Amino acid sequence: MSELIKNIKGTKDILAQESVIWQFLEVEIHQFFQKFGFSEIRTPAFENTNLFVRSIGNQTDIVSKEMYSWVDQGGNNLTLKPEVTASVVRAYIQHNLGKKFSINKLYYIDTLFRRERPQKGRYRQFRQFGVEVIGSMYPEQDAEVIALAYNFYQSLGIKNLNLKLNSIGSKEARIKYKEELYNYLVPYKNKLSKISQNRLKTNPLRILDTKIDFESEILNNAPHIIDFISKDDKQHFNDVLHLLDHLQIKYIIDYNLVRGLDYYCKTVFEIQSDKLGAQDALCGGGRYDYLIEELGGKPAPAIGFAAGLERLILALEDEENQPIKYPDIYMISLGDEAIKVSFSLAQTLRNDNFIVIMETLRRSLKAQMKEANKLNSKHTIIIGEEEIKNQKAIIKNMESGDQKAISFNQINSYLKK
Ligand code: AMP
């Protein structure tokens, strides 16, 4: 027997039951984000590898070990998108969007690929939604983006949200801070984990992300990046905080939040949920005022966030009111003539927006009834020889068990009541 082919590790089939929540969330995202005046952008699934190397940075985990890259038959170095910001910025520059609109407020829902170690809430193919706003340098733009993310989770009824914020200032501040942090950590080098020892050499800021207790203790007395940022950047950060206070959005300032990617500056933030365990970040984002220029565009300030859809679904799992759609009607047909009649009736019912399932296995009445029950159908419509003779179908309410004979031409109006 030939060997069964299975899906690739870290990827996932979304089966019928689960796809309902995906569809629901996708609709919610479109509606919610459009209420803020954001427009959707869709970028290709793969890009030139260089785009990600230049934007995300060589020292990051994504670029150094997680990208799915290959050389195609034409000798091009290509990569499946590991994140969306770089692609949106590329499209913004390429299509001259900055000239067309003084501010671009964009959102996306996309599929990303990273060769990470798979675990609950962490996959190799995953979905993100998010926004990128290009054009405004002002703190109200930071506040709007943060509020959009926060309010979206609130609108879905997710409780226990932790919004963490920090400011990492300008590039110069970061270079200076990196040095200070390095100097602070060097005496503890031998106490650090192997991974952190490596990061000390390559990117000491990443050590701040540690979840290891003894490393967190060492970091307790480490210098804070916020003490290295300019007066203007501090003012900007305070203005963002005031606006969040005004909007009654609760936050905590997390001095160790720096976010891994090279392109961030000034405000960075993350929203976490208590329910998610080790992979607790629902979304993360920040300003990237230099990226557009670094990728060859006219300088423009920008801010955005990216949010995981799988994590959102995990956080929603225990919430009530799961948006599951059950069928309205299961058509039970017994005999050739009944099949034809059922087909026509199903069509008129669907025109009235009922969800109608047709039997196509020619099973017994009992088996069809069992199936209707299994699918949680609200009603069954039973049509056999007798019903065709009388031009009346039996409509059964599956919850109450009541049933009634209704003329074929009155079924729609009967069910609409
Ligand atoms: P990042 O692009 O790394 O800032 O991630 C933004 C958000 O995307 C995270 O807060 C997660 O919700 C989600 N995310 C990132 N990586 C993964 C992954 N490998 N699997 C599932 N979700 C992810």
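The values are calculated or read from the model by the stated rules, or taken from the named source; none is laboratory data. Quantities reported herein were computed from a predicted structural model and do not represent experimental measurements. A quick note on method: Cβ atoms are made from the backbone with ideal geometry, for glycine too, and the neighbour counts reach across all protein chains shown.
Report, by residue number, each residue of segment 147-176 that is within 16 Å of the ligand (Cβ to nearest atom) and either of a type outside the set (A, V, I, L, M) or more than 15 Å from the chain's Cα centre (by Cα) (or both). Break it down into steps so the answer makes sense when it comes.
Within segment 147-176, the first condition is being within 16 Å of the ligand (Cβ to nearest atom), and the residues that meet it are 148-150, 152-153, 156, 158, 160-166, 168.
Of everything in segment 147-176, those that are within 16 Å of the ligand (Cβ to nearest atom) and either of a type outside the set (A, V, I, L, M) or more than 15 Å from the chain's Cα centre (by Cα) (or both) turn out to be TYR150, PHE152, TYR153, ASN160, LEU161, ASN162, LEU163, LYS164, LEU165, ASN166, ILE168.
Of the residues in segment 371-389, how many are surrounded by 12 or more Cβ atoms within 10 Å (Cβ to Cβ) and free of Cβ contacts under 8 Å to residues at least 24 places away in the same chain?
Counting residues in segment 371-389 that are surrounded by 12 or more Cβ atoms within 10 Å (Cβ to Cβ) and free of Cβ contacts under 8 Å to residues at least 24 places away in the same chain gives 1.
LYS266: assigned by TED's automatic domain parsing to the domain that holds SER55 and more than 23 Å from ASP227 (Cβ to Cβ), yes or no?
no
Kindly indicate whether any position in segment 107-121 is basic (Lys, Arg) and not in a loop (DSSP other than H, G, I, E, B). Let's see the steps before the verdict.
To start, the set of residues in segment 107-121 that are basic (Lys, Arg) comprises 114-115, 117, 120.
Restricting the remaining residues to those that are not in a loop (DSSP other than H, G, I, E, B) gives none.
No, that holds for no residue.
Those residues that are more than 11 Å from the ligand (Cβ to nearest atom) and either surrounded by fewer than 20 Cβ atoms within 10 Å (Cβ to Cβ) or within 23 Å of GLY277 (Cα to Cα) (or both), I need them from segment 112-136; list them, please. So that I can check it myself, show each step before the final result.
Applying the first criterion (more than 11 Å from the ligand (Cβ to nearest atom)) to segment 112-136 yields 131-136.
Answer for segment 112-136, where residues must be more than 11 Å from the ligand (Cβ to nearest atom) and either surrounded by fewer than 20 Cβ atoms within 10 Å (Cβ to Cβ) or within 23 Å of GLY277 (Cα to Cα) (or both): GLY135, SER136.
Would segment 341-357 turn up any residue that is among the charged types (D, E, K, R), within 30 Å of LEU282 (Cβ to Cβ) and part of a loop (DSSP other than H, G, I, E, B)?
Kept after step one, since they are among the charged types (D, E, K, R), are these residues of segment 341-357: 350, 352.
So of that shortlist, the ones also within 30 Å of LEU282 (Cβ to Cβ) come out as none.
Scanning segment 341-357 turns up no residue that is among the charged types (D, E, K, R), within 30 Å of LEU282 (Cβ to Cβ) and part of a loop (DSSP other than H, G, I, E, B).
Within segment 52-70, does at least one residue satisfy the condition of being more than 12 Å from the ligand (Cβ to nearest atom), modelled with pLDDT of 95 or more, more than 24 Å from SER19 (Cα to Cα) and in a strand (DSSP E or B)?
yes
With ILE56, ILE29 as the choices, which residue is closer than 20 Å to ARG287 by Cα and either touching a Cys at 6+ places or on another chain (Cβ under 6 Å) or surrounded by 12 or more Cβ atoms within 10 Å (Cβ to Cβ) (or both)?
ILE56
Could you tell me which residue of segment 292-304 is nearest to the chain's Cα centre (by Cα), considering only residues that are surrounded by fewer than 24 Cβ atoms within 10 Å (Cβ to Cβ) and of a type in the set (A, V, I, L, M, F, W, C)?
Here the answer is ILE292.
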